[in-house]
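**Student:** The structure follows.
The values are calculated or read from the model by the stated rules, or taken from the named source; none is laboratory data. Since we're looking at a predicted model, the values are computed, not measured. Because the Cβ atoms are built from the backbone with ideal geometry, glycine has one as well, and the counts that use them run over all protein chains shown. Ligands, DNA and RNA are stripped out before the accessible areas are found, and what is left, the full protein with its side chains, is counted by its heavy atoms. Shrake-Rupley method; radii C 1.70, N 1.55, O 1.52, S 1.80 Å.
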Amino acid sequence: MMSKTIYAYFNKEIVPLADAKISILTHAFNYGTACFEGIRGYWNPDHQQLYLFRMKEHYERMAGSTRILMMQLPGSVDELCTITRELVKRNEFQEDVYLRPTCYISSEVIGVRLHGLESAFCLYSLPFGNYIDIDRGLKVGVSSWKRLDDNMLPARSKIAGAYVNSAFAKSEALLNGYDEAIMLTSDGHVSEGSAENLFMLSGGKLITPPVTENLLVGITRHTIMTIARDELGLEIVERLIDRTELYISDELFLCGTGAQIAPVAEIDHRPVGNGQIGPITARLQQLYFDLVRGKIEKYREWCTPVY
Ligand code: PMP
């Protein structure tokens, strides 16, 4: 049986994924000098439509990532959105997908620097399910690895090389029997998960660390702040969070494009709340999944139809 060809966007054209290859001399391969995005597409069988969730915001964030890296976005945000839709359309996906656009320093030179080098853009899209479990509460552990500081390797820019910091934390967590890691900043405040932002519910308020806590400013984070405030009437607070505040929180969850909304049931061997998925987290999950599949008219502008 022939398997279907999957296409990618590489060197300014749509090519079979198998042909999208870079040289081992590529600067980004040697030094991690690339930035990327992760975008989800959600299939709605009733609408026979695939919705790309907040694609524009992802490319706007990528524009910021490239500025920090002294690279240039290869086109306008609108042009990248068009390329992305075309690629997904070409793949004829009728299922949930994950998209991975990357801007990378493509020069084939030896030498560590950012300036005066060539950059390129590539994009692939693949069918994709859950990244981590969202149906049972996760067991998480505070990592012994600290989150990178803005003056070391800015988390605000989604830099490929910086994900080694996340990989240290994630492997440590998994090998220690946890599902995910919570990373602290160098001065000991809660930052984020290995690839997720974090929210805790305490005293009826939804609390999350401010954007200056060495975290990626998540698009899901913004989505959750919006729906928690506008649909559930919750007060949102951005402030520093101590590690032990997580231990006594009423609810705790991680969020991100990949993770979606992932409830936490246990942190450092202590149950969160009663150790079950909390009611606010469950309502946010329900709202989120309706929203990303284009089922809530009010938020349809966040959902770009592919077909
Ligand atoms: N933090 C990190 C380190 C991440 O990799 C991600 C995933 N992109 C997030 C947070 C969540 O960001 P978003 O909601 O925009 O996917």
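**Student:** With the cut-off at 25 Å, tell me which of the pairs Lys4/Lys89; Lys139/Lys205; Lys21/Lys89; Lys21/Lys146 have Cα atoms farther apart than that.
**Tutor:** Details: Lys4/Lys89 14 Å; Lys139/Lys205 22 Å; Lys21/Lys89 22 Å; Lys21/Lys146 34 Å.
Result: Lys21/Lys146 exceed 25 Å.
**Student:** Measuring from the lowest to the highest alpha carbon on each principal axis, how far does region 7-127 reach, largest first, in angstroms?
**Tutor:** So the extents along the principal axes, rounded to whole Å, are 53, 29, 19.
**Student:** Could you give the accessible area per residue of the chain, probe 1.4 Å, as a whole number in Å²?
**Tutor:** Details: 14260 Å² over 307 residues.
Per residue, the chain has an accessible area of 46 Å².
**Student:** Still on this structure, please answer the following. Accessible area of region 107-203 with a 1.4 Å probe: how many percent of it is carbon plus sulfur? Please list the in-between numbers first.
**Tutor:** Values: 2480 of 4480 Å².
On region 107-203, the fraction of accessible area on carbon and sulfur atoms equals 55 percent.
**Student:** Oh, and also: Using a basic spin-label model with each label point 7 Å from the Cα along Cα→Cβ, how many nm lie between Asn176 and Asp290?
**Tutor:** 3.8
**Student:** Can you tell me the orientation of helix 219-230 relative to the chain, as the angle in degrees between its alpha-carbon axis and the longest Cα principal axis, to the nearest 10?
**Tutor:** Once rounded, one gets 40 degrees.
**Student:** If you bin the C-alpha pair distances of region 56-160 every 5 Å from 0, what whole percents do you get?
**Tutor:** With 5 Å bins starting at 0, P(r) equals 2, 9, 16, 16, 17, 16, 12, 8, 3, 0.
**Student:** A further question follows. When you count, for each residue, the other Cβ atoms within 10 Å and take the mean per peptide, how do 128-136, 167-175 rank with the highest first?
**Tutor:** 167-175, 128-136
**Student:** Using 20 Å bins from zero, what percent of all Cα-Cα pairs in the chain falls into each bin?
**Tutor:** 32, 58, 10
**Student:** Taking the DSSP beta bridges in region 138-292 as the whole, what percent of them are antiparallel, to the nearest 5? Intermediate results must be reported in sequence, preceding the final value.
**Tutor:** Numbers: 18 of 28 bridges.
If we restrict to bridges inside region 138-292, about 65 percent are antiparallel.
**Student:** Here's another thing I want to ask about it. What ³J(HN,Hα) values, in whole Hz, does the Karplus curve 6.51 cos²θ - 1.76 cosθ + 1.60 give for region 139-152 when θ = phi - 60°, with x put for Gly and Pro?
**Tutor:** Taking θ as phi minus 60°, the curve returns 9, 10, x, 6, 7, 7, 8, 8, 5, 4, 7, 4, 8, 10 Hz for region 139-152.
**Student:** I need the P(r) histogram for region 187-307: all alpha carbon pairs, bin width 10 Å from 0 out to the longest distance, whole percents.
**Tutor:** Once binned at 10 Å, the Cα pair distances of region 187-307 give 13, 46, 32, 8, 1.
**Student:** Given the options Thr66, Thr257, Thr244, which has the most mean-square fluctuation in a GNM of the chain, springs set between C-alpha atoms less than 10 angstrom apart?
**Tutor:** Of Thr66, Thr257, Thr244, the Gaussian network model singles out Thr244 as fluctuating most.
**Student:** Also, quick follow-up: Could you state the angle between the C-alpha long axis of helix 55-68 and the longest principal axis of the C-alpha atoms of the chain, as a value from 0 to 90 degrees rounded to the nearest 10?
**Tutor:** Helix 55-68 sits roughly 80 degrees off the main axis of the chain.
**Student:** Let me ask you something else. Name the residue, out of Asp250, Asp268, Asp187, whose mean-square fluctuation peaks in a Gaussian network model built on the chain with Cα pairs under 10 Å.
**Tutor:** Top of the fluctuation ranking is Asp187.
**Student:** Right, next: Specify the angular offset, from 0 to 90 degrees and rounded to the nearest 10, of the alpha carbon long axis of helix 77-91 from the longest principal axis of the alpha carbons in the chain.
**Tutor:** Compared with the principal axis, the helix lies near 80 degrees.
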